[in-house]
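> Following this message is one structure expressed as structure tokens.
Readers should treat all values here as calculations from the given coordinates under stated rules, not as data from a laboratory. What you are looking at is a predicted structure, and each value in this text was computed from that prediction instead of being measured. Positions of Cβ are generated from backbone atoms using ideal geometry, with glycine treated the same way; all protein chains shown enter the neighbour counts.
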Amino acid sequence: MNPYLAGVLLGLVVLSANLISGRGLGASGAVKSAIVATVDVVAPAHTESSEYYEMALGTHGNPLNNWLVYQVLGVLVGAFLSGVLARRLKWKVEHSPKITSKTRLMFALAGGVLFGFGSQLGRGCTSGAALSGMAVFSLGGFITMAAIFGTAFALAYFFRKLWI
Amino acid sequence: MKKFQFTPRQMLSVVILSLGIIIAAVPKDTTTPYKLSADQILEEMKSGTQYLYPDLIAQMLVEGDPTLQLIDVRPPAEYEKYHLPGAINIPFDELLSSDYQYLLNQDVMMNVLYANGTTRANEAWMLIRQLGYDNNYVLTGGLNYWVETILNPQAPATSSPDDEFARYDFRKAASGALGGGAVAPVEQGSTAPAAIPRPRPQQKKQAVQGGCS
Amino acid sequence: MAPFVVYDIISENTNLLMAFFIGIGFGFILEQAGFSSSRKLAGVFYGYDAVVLKVFFTAAIVGMLGLLFFSLFGWVDMSVIYVNETYLYSAIVGGVIMGAGFIMGGYCPGTSFCAATIGKIDAIVFIGGMFLGVFIFGEGYPLWKNLYMAEFMGFPKISEFFGINEGIFVLLVIVAAVLMFWGAEWAEKKFPREEY
């Protein structure tokens, strides 16, 4: 799909989320809900003693009965449908020919850990804080967007072997 | 000759630039405030929730309720001559002046508009309600009814129900506290003033809790 | 009047169902745009493929324009739409950490979900890492609580922050985006890569 057309359509999705539910999209929030729910099941005493889990649990009953969780389930379905239509379903580790799959997976894990951590600190990821924040003119959204892309740009040189 | 054709990028650029110029040219005031439609105002007027009775106001004054803000919409000359304790003057003619908007459009206080009768204050209420301002109310009957009920209360007939007497006692006491006619000491042990239901300031629509944290 | 859930046009449960459908649209478009490929995503940082930049900024601009026009026509009550909160330091530090994660992992959370559904093993590992990262944050919360809570600025809009009209701000973003799109297409021609 042409990227500009995809951008317009994605913008309309952000807009409808705001018109229907009064809020933007997200992804990392669902990961947090899943973590909080898991910890709460495995070690309920621990969630009670931890200020952070307490805070996350406090506002609504079941952390999985959450707007973002349903939205991310939709993302999984939507992306899968698109993959089926475009005939892109294939088990694959994507990496630059210069590195091995093992290296790629190690960096993917490290990147995931950093992104997971950063999304909690920054109160949202590229979708939740940056994209949806920008659509509603949030100052924090623009700051987070600039920090994410600025840092990635600044570090791009050091990680070029991973990609090109 | 090759036919000129827009690339997707050029097409998108032209469209968003034109929309951007349009939206930038629209003055801000018409884009932000949320105003009430005539239907909505009519609906509220039919329900009459804006009217507050003098007893409630008197009680709040006696208790020194900090959320009460009385607003006198009469001309300054009349305000100078007499006004309710703690009232501020926003003359009807200057209702929409920008000097007063911060008083009328706010979420903290309970504004009670009054004039000599009900009509003028209610007209003022309609105007500012149409702008979407919340927490504004009208003193029923205005100052005339205030003087009649609070400052010079009439003793109810002996056959009246008990709460009539309770209300009378309360008015008598309030009258004393608020500078009314003859001050009668409240008898000890008399029934406490009947609790008057207090309207809750209208809740604004609650903003959505969103975010991705 | 939108938002529907605030004005009781749809119920809370319908809202959750709508979240599912919105998510389908979100995931479908991300995948169609090619965001399920980490090398395509990372391309924006090396100039060989700027699809991230194009999609991201076009979407943000369409969202902003849409909300302003809907508000202009009186179809949406902007005052109740959630504006993301701003905690200055955590927004910057969190963004920097996410940027590092982006260039190392090649995905962001949303795109990693898309890539995982079509069988990208690196995306599945990335998601595993993300769970670990969130867990670490939760477990060590007292250590970074001060940073997390520092410099709370409320829910400011960037246009208010700069003291300009939202419409004018959008126009500035649009002009910047148009220039970036132009530069990006120039870079794509200058640093071409074969199909990956």
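> For the protein assembly as shown, with only Lys/Arg (+1) and Asp/Glu (-1) charged at the beta-carbon, what is the dipole magnitude about the Cα centre, in debye rounded to 20? Don't skip to the end; give the middle numbers.
Values: 38 positive and 42 negative charges, 741 e Å.
The calculated dipole for the protein assembly as shown is roughly 3560 debye.
> Same structure, new question: Work out the charge dipole of chain A with +1 on the Cβ of Lys and Arg and -1 on the Cβ of Asp and Glu about the Cα centre, then indicate which of A:17, A:31, A:96 is farthest towards its positive end.
In chain A, that residue is A:96.
> Treating only the Cβ of Lys, Arg, Asp and Glu as charged (+1, +1, -1, -1), what charge dipole size does region A:22-164 show about its Cα centre? Round to the nearest 20 debye. Mind dumping the intermediate values first?
Working: 12 positive and 5 negative charges, 210 e Å.
Using only the charged Cβ atoms, the result is roughly 1000 debye.
> Out of C:93, C:62, C:52, whose Cα points farthest toward the positive end of the dipole of region C:1-125 (charges: +1 Lys, Arg; -1 Asp, Glu; placed on Cβ)?
C:52
> Starting from the amide H of residue A:138, placed 1.01 Å from N in the peptide plane, find each other amide H under 5 Å away whose residue is 5 or more places distant or on another chain.
Here the answer is C:84, C:158, since their amide H atoms fall under 5 Å of that of residue A:138.
> Still on this structure, please answer the following. What pairs in A:32/C:54; A:102/C:120; A:90/C:40; A:102/C:190; A:161/C:40; C:120/C:190 have C-alpha atoms more than 21 Å from each other?
A:32/C:54; A:102/C:190; C:120/C:190
> Further question on the same structure: Find out how many positive minus negative residues lie around residue C:91, taking Lys and Arg as positive, Asp and Glu as negative, among other residues whose Cβ is under 14 Å from that of residue C:91.
On the way: positive: A:123; negative: C:85, C:151.
That sum, taken over residues with Cβ under 14 Å, equals -1.
> Right, something else. If you count, for every residue in C:134-146, the Cβ atoms of partner chains within 10 Å of its Cβ, what is the mean?
Averaged over the peptide's residues, the number is 6.
> Turning to a different aspect of this structure: Report, by chain and number, residues whose modeled amide H sits under 5 Å from the one on residue B:51, excluding near sequence neighbours (fewer than 5 apart, same chain).
Amide H neighbours of residue B:51, under 5 Å, 5+ apart: B:138.
> How high is the relative contact order of chain A, given as a whole-number percent (alpha carbon pairs under 8 Å, six or more residues apart)?
Relative contact order comes out at 25 percent.
> Got a sec to turn the phi values of region B:71-82 into Karplus ³J(HN,Hα) couplings, 6.51 cos²θ - 1.76 cosθ + 1.60 with θ = phi - 60°, whole Hz, x for Gly and Pro?
Values per residue, Gly and Pro as x: 10, 8, 9, 7, x, x, 4, 5, 4, 4, 5, 7 Hz.
> For the protein assembly as shown, what are Rg and Dmax over the alpha carbons, in angstrom?
Both quantities, over Cα of the protein assembly as shown: 30.1, 105 Å.
> Now a separate question. Which value, in debye to the nearest 20, describes the size of the charge dipole of region A:1-90 about its Cα centre when Lys and Arg Cβ atoms bear +1, Asp and Glu Cβ atoms bear -1, and nothing else is charged?
It comes to approximately 660 debye.
> Same structure, new question: Mind ordering C:38-45, B:75-82, B:10-17, C:158-165 by average Cβ neighbours within 10 Å, highest first?
On the way: C:38-45: 24.4, B:75-82: 12.1, B:10-17: 17.8, C:158-165: 15.4.
Descending packing order for the listed peptides: C:38-45, B:10-17, C:158-165, B:75-82.
> What FRET efficiency do you get for residue B:62 and residue B:21 if R0 is 41 Å and r is their Cβ-Cβ distance, rounded to the nearest 0.05?
Working from the Cβ atoms, E equals 0.10.
> Tell me the label-point distance for the pair residue C:73, residue A:46, using the 7 Å Cα-to-Cβ offset, in nm and rounded to one decimal.
Output for this residue pair reads 5.1 nm.
> Among B:102, C:149, A:162, which residue has its Cα positioned farthest towards the positive end of the charge dipole of the protein assembly as shown, with +1 placed on the Cβ of Lys and Arg, -1 on the Cβ of Asp and Glu, and the dipole taken about the Cα centre?
My answer, from the dipole projection, is A:162.
> Could you calculate the contour length gain from residue C:88 to residue C:17, that is, 0.36 nm times the residue separation minus the distance between their Cα atoms, to one decimal place in nm?
22.2 nm
> Whose amide H sits under 5 Å from the amide H of residue B:110, counting only residues 5 or more places off or on another chain, with H placed in the peptide plane?
Distant-sequence amide H within range of residue B:110: B:68, B:69.
> Now, a different point. Mind ranking C:174-182, C:83-91, A:125-133 by how tightly packed they are, going by the mean number of other C-beta atoms within 10 angstrom, highest first? Display every interim value, and only then the final one.
Values: C:174-182: 17.4, C:83-91: 23.7, A:125-133: 32.0.
Descending mean neighbour count gives A:125-133, C:83-91, C:174-182.
> Can you work out the Karplus-derived ³J(HN,Hα) for every residue in region A:112-129? Use 6.51 cos²θ - 1.76 cosθ + 1.60 with θ = phi - 60°, whole Hz, and x for glycine or proline.
For region A:112-129, the Karplus-derived couplings read x, 4, 4, 5, x, 5, x, 5, 6, 5, x, 6, x, 9, 4, 7, x, 8 Hz, x marking Gly and Pro.
> Relative contact order for region A:93-164: what percent, with Cα pairs under 8 Å and sequence separation of 6 or more?
That works out to 34 percent.
> Across region C:8-18, in residue order, what do the Karplus-derived ³J(HN,Hα) couplings come to in whole Hz, using 6.51 cos²θ - 1.76 cosθ + 1.60 with θ = phi - 60° and x for Gly and Pro?
6, 7, 10, 7, 4, 5, 4, 4, 5, 5, 4
> If r is the Cβ-Cβ distance from residue C:136 to residue A:100 and R0 is 25 Å, what FRET efficiency results, to the nearest 0.05?
For residue C:136 and residue A:100, the calculated efficiency is 0.40.
> Binning at 10 Å from 0, report for region B:13-143 what percent of all alpha-carbon pair distances ends up in each bin.
11, 38, 28, 11, 7, 4, 1
> Please work out the C-alpha center-to-center distance from region C:33-48 to region B:43-87 and express it in whole Å.
First find each Cα centre; the distance between them is then 65 Å.
> Looking only at other chains, what is the average number of their beta-carbon atoms within 10 angstrom of each beta-carbon in A:43-54? List each step's numbers first, then the result.
Values: counts 0, 0, 0, 2, 1, 0, 0, 4, 4, 9, 3, 1.
Mean shielding by partner chains, rounded to a whole number: 2.
> Using only Cα atoms, what Kirkwood radius does region C:27-112 have, in angstroms?
15.1 Å
> Grab the alpha carbons of chain C, take their convex hull, and tell me the volume per residue in Å³.
Considering the Cα atoms of chain C, their hull volume per residue is 157 Å³.
> To the nearest whole number, what is the average tally of beta carbon atoms from other chains within 10 Å of the beta carbons of peptide C:8-21?
If you average over the peptide's residues, the count of other-chain Cβ atoms is 5.
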